[in-house]
Amino acid sequence: MSAMIQVEHLTYVYNPGMPDATTALDDVSFEIEEGQFVGIIGSTGSGKSTLITHFNGLHRPTSGRILIDGVDLWEKPEKIRDFRFKVGLVFQYPEYQLFEETCYKDIAYGPKNMGLDAQEIDRRVRQAAGFVGLSPQLLERNPFELSGGQKRRVAIAGVLAMEPKVLVLDEPAAGLDPEGRDTILGAVKAYHKATGITVVLVSHSMEDIARYADKVLVMDQRKLAIYDDVDKVFAQAPRLLELGLSVPQVTKIFLRLKELGLDIDTDVYTMPYAVKTLQKALEKRKGEAEC
Amino acid sequence: MSKMIDADQIRFRYDPEVDNWAVDGASLKVEKGEFVAVLGANGCGKSTLAKHLNAILLPEAGTVLVEEMDTKDEEQLFQIRQTVGMVFQNPDNQIVATVVEEDVAFALENLGVPSDQIRQRIDQAMKMAGIYQHRNKAPHKLSGGQKQRVAIAGVIAMRPDCLVLDEATAMLDPRGREVVMDTIRTLNREYGITVVAITHYMEEAAQADRVVVMNGGKVVLEGTPAQVFSQADLLREYHLDVPQATELRDELVKLGYDLPQGIISIEECAQAIYKLFQ
Ligand SMILES: Nc1ncnc2c1ncn2[C@@H]1O[C@H](COP(=O)(O)OP(=O)(O)O)[C@@H](O)[C@H]1O
Ligand SMILES: Nc1ncnc2c1ncn2[C@@H]1O[C@H](COP(=O)(O)OP(=O)(O)O)[C@@H](O)[C@H]1O
Ligand SMILES: [Mg+2]
Ligand SMILES: [Mg+2]
């Protein structure tokens, strides 16, 4: 497997040289391999948004480098636009950025800018809409007539239609009801599975990160604090709490069971695995009791 | 004793020409000192209902009484707005001043409250909201949870009897959500402030005295958190969910294990599972 995103000693300062200069990222280094689904967590102001807006060249490192698919983003600054298509970025509350009079046109906006022909644009719009679960009839509607959750799916489809190699989403489920969360994140996961592209998901929900990500990157006060597999990250509950974060509720239940004196693994962070673990432990207990 | 809020059969639509009701015959009664959580899918009318509770919106049909004052009675408007304070989702849109304590004092100054009284009221409000130690900081330097508590302090400086929070934790990180929820619980339990909290987080609703579920502009389900969350299938029909503690209990019951109904917290769930092993 090769690295899709390489971040090398990335430091970023807002308003450098001014009295209000703020270092938002401080010597951050890591690699994300092609095809991985990486979750990013960290308290407000830890640098998550600043970090991910570097992936498509919206910010230029104050020092350090970013490589996408082996190519240094800022090697040829005049080519930076290419990375806007290569790395699809879905901002927080992206529905506020819809502006065309039909959903179709909104989703087509990116592909059009890429200079694709009408037939290819049409194929991409329909495919992207399908992925996020927007019906063909909705495509001709004005986005402003749609519900908040639907609007957000239009915005995400607009990014998918550019067929990026990396999909980056900043809190895509914020403010949605539980079903809306599942629909959007489920669509992202299905897209990830179907296309094998690299996905980076920023979220404040430990439950969502546990459910969808393979690896977790934890930011703390401008620095990279932890970067590891999901189970290894959520196994560090005390450290996460210290960083203003948390572990999934289901993990808390297991930690409490352990505290109560039960001999049970606590590296449990999803519901199906929790049920399986308990079932096994209970059967073992029953076996012991019968002996 | 009079109710804090008595909204009866209210209907509201944004366009009076179109037969499309954002709130369609919803009733909400809240006792003084109660902590009520309101759940419901996006667009089901929660915010519209909330805006009726301090006369930002007036019902087209039905009545809203706030401590027996009718929100349609213009003469009572000032008193109603003093009685019910609102906190919204985005803390950045609610903060106006460049120093925390100035922001908390803002509304009081606008009302012409004498300055010695202002000092005392804002100090108390900032302490109640747990933000006193940050009183001299710039709001934009605070975390999301701290900013939201500044907004709460600004509202409680008005000494409302009732606080309505419209997804006040939606934009916060886990710690921010926790401290804001702790603050709300303290205001409710220790200061007797009535709380109506709209949320999409089931585990937050589990901390309320009572849960009200809305769907399609109506109240469709109501009860203690334990009663409401024991109806997982019905909740899913309303695009909602149950806390993970409840879900784990339900999954184990499906496998034939015997766990009591009404489990909604981590502690209750852990205790019940622990018993299975004894
Ligand atoms: N446009 C900006 N100008 C100045 N400082 C900023 C700007 N955007 C973010 N910051 C600062 O950079 C730091 C990291 O912010 P951000 O990347 O938004 O964090 P997160 O997304 O984790 O909440 C914070 O201290 C924040 O105040
Ligand atoms: N300012 C407005 N103008 C027109 N329609 C609105 C406005 N605000 C909300 N609505 C509509 O009213 C319905 C209820 O919305 P809202 O009360 O915001 O729901 P919730 O807070 O439960 O998401 C939705 O169909 C929404 O689109
Ligand atoms: Mg951010
Ligand atoms: Mg709302």
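The values are calculated or read from the model by the stated rules, or taken from the named source; none is laboratory data. Quick caveat, the model's predicted, so the values are computed rather than measured. Positions of Cβ are backbone-derived with ideal geometry, glycine not excepted, and every protein chain shown enters the neighbour counts. Ligands, DNA and RNA are excluded from the accessible area calculation, which covers all protein heavy atoms including side chains. Shrake-Rupley method; radii C 1.70, N 1.55, O 1.52, S 1.80 Å.
Assorted remarks:
- Among the candidates A:Leu241, A:Leu255, A:Leu282, the residue that is within 11 Å of another protein chain (Cβ to nearest Cβ), surrounded by fewer than 21 Cβ atoms within 10 Å (Cβ to Cβ), under 30 Å from A:Ala21 (Cα atoms) and in contact with a helix residue (DSSP H, G or I) (Cβ under 9 Å, 6 or more places away or on another chain) is uniquely A:Leu241.
- Those residues of the range A:159-175 which are assigned to a loop (DSSP other than H, G, I, E, B) and open to solvent by less than 10 Å² (accessible area, probe 1.4 Å), in sequence order: A:Ala161, A:Pro164, A:Pro172, A:Ala173, A:Ala174
- Residue match in the range A:34-44 (condition: without any contact (Cβ under 8 Å) to a residue 60 or more places away in the chain and surrounded by 15 or more Cβ atoms within 10 Å (Cβ to Cβ)): yes
- Scanning the range B:189-210 for residues that are away from ligand 4 (no atom under 16 Å from the Cβ) and under 11 Å from the mean Cα position of the chain (by Cα) returns B:Thr194, B:Val195, B:Ala208.
- Within the set B:Val30, B:Val36, B:Val84, the sole residue that is away from ligand 1 (no atom under 16 Å from the Cβ), of a type in the set (A, V, I, L, M, F, W, C) and either open to solvent by 30 Å² or more (accessible area, probe 1.4 Å) or within 18 Å of B:Met158 (Cα to Cα) (or both) turns out to be B:Val84.
- Qualifying position, being over 25 Å from A:Ala194 (Cα atoms), within 13 Å of ligand 3 (Cβ to nearest atom) and out of contact with any Leu (no Cβ under 6 Å at 6 or more places or on another chain), among A:Thr62, A:Thr50, A:Thr44: A:Thr44
- Tally, over the range B:209-219, of residues that are away from chain A (no Cβ under 14 Å) and either open to solvent by 10 Å² or more (accessible area, probe 1.4 Å) or of a type in the set (D, E, K, R) (or both): 4
- Top-ranked residue of the range B:227-243 - restricted to ones that are in contact (Cβ under 8 Å) with a residue 24 or more places away in the chain and open to solvent by 30 Å² or more (accessible area, probe 1.4 Å), ranked as farthest from the other protein chains (Cβ to nearest Cβ): B:Gln227
- The residue pairs whose first member lies in the range B:41-53 and is closer than 13 Å to B:Tyr14 by Cβ, whose second member is acidic (Asp, Glu) and near ligand 4 (Cβ under 8 Å from one of its atoms), and whose beta carbons are closer than 7 Å, counting only pairs six or more residues apart or on different chains, are B:Ser47/B:Asp166.
- Hits in the range B:180-203 (condition: away from ligand 2 (no atom under 16 Å from the Cβ) and open to solvent by less than 40 Å² (accessible area, probe 1.4 Å)): B:Val180, B:Met181, B:Thr183, B:Ile184, B:Leu187, B:Asn188, B:Ile193, B:Thr194, B:Val195
- Test: residue in the range A:127-141 that is at pLDDT 95 or above, β-branched (Val, Ile, Thr) and buried (at least 16 other Cβ atoms within 10 Å of the Cβ): no
- All positions within the range B:150-165 that are open to solvent by less than 30 Å² (accessible area, probe 1.4 Å) and under 20 Å from B:Asp103 (Cα atoms): B:Val150, B:Ala151, B:Ile152, B:Ala153, B:Gly154, B:Val155, B:Ile156, B:Ala157, B:Pro160, B:Leu163, B:Val164, B:Leu165
- Restricting attention to the range A:225-272, the residues being among the small types (Gly, Ala, Ser), part of a loop (DSSP other than H, G, I, E, B) and farther than 20 Å from A:Glu283 by Cβ number 3.
- For the range A:80-99, the set of residues classified as modelled with pLDDT of 90 or more, among the aliphatic types (A, V, I, L, M) and in contact with a Lys or Arg (Cβ under 8 Å, 6 or more places away or on another chain) consists of A:Val87 only.
- Within this structure, A:Ala157 passes the test of being modelled with pLDDT of 95 or more, within 24 Å of the chain's Cα centre (by Cα) and closer than 27 Å to A:Ile32 by Cβ.
- Set A:Gln221, A:Gln249: member being within 22 Å of A:His204 (Cα to Cα), within 13 Å of chain B (Cβ to nearest Cβ) and open to solvent by 70 Å² or more (accessible area, probe 1.4 Å): A:Gln221
- Among all positions in the range B:133-140, there is no residue which is within 22 Å of the chain's Cα centre (by Cα) and either at positive phi or in a helix (DSSP H, G or I) (or both).
- Scanning the range A:71-85 turns up no residue that is within 15 Å of ligand 3 (Cβ to nearest atom) and open to solvent by 40 Å² or more (accessible area, probe 1.4 Å).
- Tabulated pairs, the range A:150-171, first more than 14 Å from chain B (Cβ to nearest Cβ), second within 16 Å of ligand 3 (Cβ to nearest atom) and part of a strand (DSSP E or B), C-beta under 6 angstrom, 6+ apart or interchain: A:Ile156/A:Val90; A:Val159/A:Val90; A:Val168/A:Leu89; A:Val168/A:Val200; A:Leu169/A:Val90; A:Leu169/A:Leu201
- Residue under evaluation B:Leu259, criteria (1) over 22 Å from B:Glu222 (Cα atoms); (2) within 10 Å of chain A (Cβ to nearest Cβ); (3) surrounded by fewer than 22 Cβ atoms within 10 Å (Cβ to Cβ), criterion not met: (2)
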